[in-house]
Amino acid sequence: MNQNDLTKILSLVAKGSLSVEDAKSQLKNISFENIDFAQIDHHRSLRKGFPEVIFGQGKTSGQIIEIMEKIIIHEDIVLVTRLEKEKAQKISSKIQGTQYFEDAKLMWFKKNEPKITGFGQILVITAGTSDIPVAKEALLTAHAMGNEVKSIFDVGVAGIHRLFAHQEQIMTAAVIIVVAGMEGALPSVVAGMVKAPVIAVPTSIGYGTSFGGMTALLGMLNSCSSNIAVVNIDNGFGAGFMASSINHVSVA
């Protein structure tokens, strides 16, 4: 349930168009709903401005379907992350209106196209083509949350002139997400160019001593650029969510 739904119910009660008992019935699951294997947080939209997101990894397609069906009753959008293609196909056969993005391993159900409510543009940059799946997860998450999102792919430090060719676009972004594996140097370079907050996303891309993204993670955490924040390895969703949160903060 979102703020508009709550306002509508309270307004109807105030006008006498909705009885208190009917309002109580509609609001009984406003906090959370226990369905045995999951306790669905229907209150999250009111607290955080976006519904609970379903983490698909480790859940069966049947569990995801049941959770989605419960959330859809109350929300205009449902997001599922870390979702394999086989599960996505089973879900799509049961719930009409879903869309699956195989490269990002992300699915959404939308009743309406998200309204742009963010104050500026979010820019997603990758060091390499191999980083794009994680970047797509960030991009789609930020878009679903009501942001204008653009992308620049494959502009890593091995050919830094490619990055500088996009300098004007980089300088005008409100929030920048930089996704990189290997040694993870690109976020520091980008952060040194701009005053905007930069969210660094280390990926597990790289050879042996990249240690599944640990080298990139540690490099980003030790960046000398002061406007960098770092999320977990391959956590495109977390980067997109944080970028949206920043982009929705009103400056008084």
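The values are calculated or read from the model by the stated rules, or taken from the named source; none is laboratory data. For clarity, every value in this text was computed on a predicted model and none was experimentally measured. Here Cβ is always computed from backbone atoms with ideal geometry, including for glycine, and neighbour counts include all displayed protein chains.
A compact table of results
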{"item": "Count of residues meeting criterion [surrounded by 15 or more Cβ atoms within 10 Å (Cβ to Cβ), at pLDDT below 75 and touching a helix residue (DSSP H, G or I) at 6+ places or on another chain (Cβ under 6 Å)] in segment 2-25", "result": "2"}
{"item": "Matching entry among 79, 83 (being in contact (Cβ under 8 Å) with a residue 24 or more places away in the chain, touching a Lys or Arg at 6+ places or on another chain (Cβ under 6 Å) and within 25 Å of residue 153 (Cβ to Cβ))", "result": "83"}
{"item": "Meets criteria (over 20 Å from the mean Cα position of the chain (by Cα), β-branched (Val, Ile, Thr) and part of a loop (DSSP other than H, G, I, E, B)) for residue 189", "result": "no"}
{"item": "Conditions (1) modelled with pLDDT under 90; (2) more than 30 Å from residue 131 (Cβ to Cβ): number failed by residue 96", "result": "(1)"}
{"item": "Residue within segment 197-204 that is touching a residue at least 24 places away in the same chain (Cβ under 8 Å) and assigned to a helix (DSSP H, G or I) present", "result": "no"}
{"item": "Segment 115-129 residues that are assigned by TED's automatic domain parsing to the domain that holds residue 236 and farther than 17 Å from residue 237 by Cα, paired with ones that are outside any strand (DSSP E or B) and of a type in the set (D, E, K, R) (beta carbon under 9 Å, 6 or more apart)", "result": "127/154; 128/154; 129/154"}
{"item": "Selected residue [in contact (Cβ under 8 Å) with a residue 60 or more places away in the chain and closer than 29 Å to residue 155 by Cα] from 136, 105", "result": "136"}
{"item": "Residue ranges of strands (runs of 3 or more DSSP E) in segment 85-174 with at least 2 members surrounded by fewer than 23 Cβ atoms within 10 Å (Cβ to Cβ) and touching a strand residue (DSSP E or B) at 6+ places or on another chain (Cβ under 6 Å)", "result": "98-101, 106-110, 148-152"}
{"item": "Residues within segment 39-58 that are without any contact (Cβ under 8 Å) to a residue 60 or more places away in the chain and in contact with a strand residue (DSSP E or B) (Cβ under 9 Å, 6 or more places away or on another chain), tallied", "result": "10"}
{"item": "Any hit, segment 56-70, residues being among the aliphatic types (A, V, I, L, M), under 19 Å from residue 114 (Cβ atoms) and over 14 Å from the mean Cα position of the chain (by Cα)", "result": "yes"}
